[in-house]
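Reviewing the structure listed below.
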Amino acid sequence: MHYFAHETAVIDQGCLIGEGTKIWHFSHLMPGCTLGKACNIGQNVVISPQVVLGNNVKVQNNVSIYTGVECADDVFLGPSMVFTNVINPRSAVNRRDSYLRTHVGQGASIGANATIVCGHDIGAYAFIGAGAVVTKTVPAYALVVGNPARQIGWMSEFGHRLDFNTDGLAICPESGQKYQLENGNVSKINE
């Protein structure tokens, strides 16, 4: 076995699990899910069929990742956050043909107890604050908080709030990376 699974983890047949991935206590991987290399799946996590996680995705304890969700490389999913996959669920109505897709971009972080309403993508390196309820698409590098979530700023790839000058330029205090804010979008300046 090229990955680690705690003895209490349930891994159904048909899962693809990348090298170096760790799956901890009481987690359940359902048939047809795909996990990349070096992922860390915390305690009591459920990963449904057809979910795709990229490389180095960190899933903290008590997270539910439902069919329709795809996470790119280096995504962080905080404790007890949840994705939905049906916009109008009813117990007596089968809506398995109505799952909406949600894509979480590379390097994005979703805080503890946040809820991502299905059908709304999270941009690369976006930062979703703890307890936020995301009801619309979140742009790359955006910082969103609250219920419903609203954007209050921008974040660097290292997770620091960006302070843009009058020319629309900002520098990450940790990495020294430079960013440009132009027409409501942020991009990293590659030098």
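A few notes on this one:
- The H on the amide N of Leu53, modeled in the peptide plane, is under 5 Å from the matching H of Thr34, Leu35, Gly36, Cys71, each at least 5 residues off or on a different chain.
- Of the residues Pro139, Pro79, Pro173, the one that moves most in a GNM of the chain with alpha-carbon contacts below 10 Å is Pro173.
- The lysines whose alpha-carbon is closer than 25 Å to the alpha-carbon of Lys22, local same-chain residues fewer than 8 away aside, are Lys37, Lys58.
- Applying 0.36 nm per residue to the separation of Glu19 and Glu7 and subtracting their alpha-carbon distance, the gain on full extension is 2.5 nm.
- Take every Cα pair under 8 Å whose residues are at least 6 apart in sequence, average their separation, divide by the length of the chain, and the relative contact order is 10 percent.
- Each part reduced to its alpha carbon centroid, segment 126-173 and segment 1-65 end up 28 Å apart.
- DSSP-assigned coil residues among trypsin sites (Lys or Arg not before Pro) in segment 64-115, each with at most 10 further Cβ atoms within 10 Å: Arg96
The numbers here are math on the coordinates, done by the rules we state, and not lab data. Quantities reported herein were computed from a predicted structural model and do not represent experimental measurements. Because the Cβ atoms are built from the backbone with ideal geometry, glycine has one as well, and the counts that use them run over all protein chains shown.
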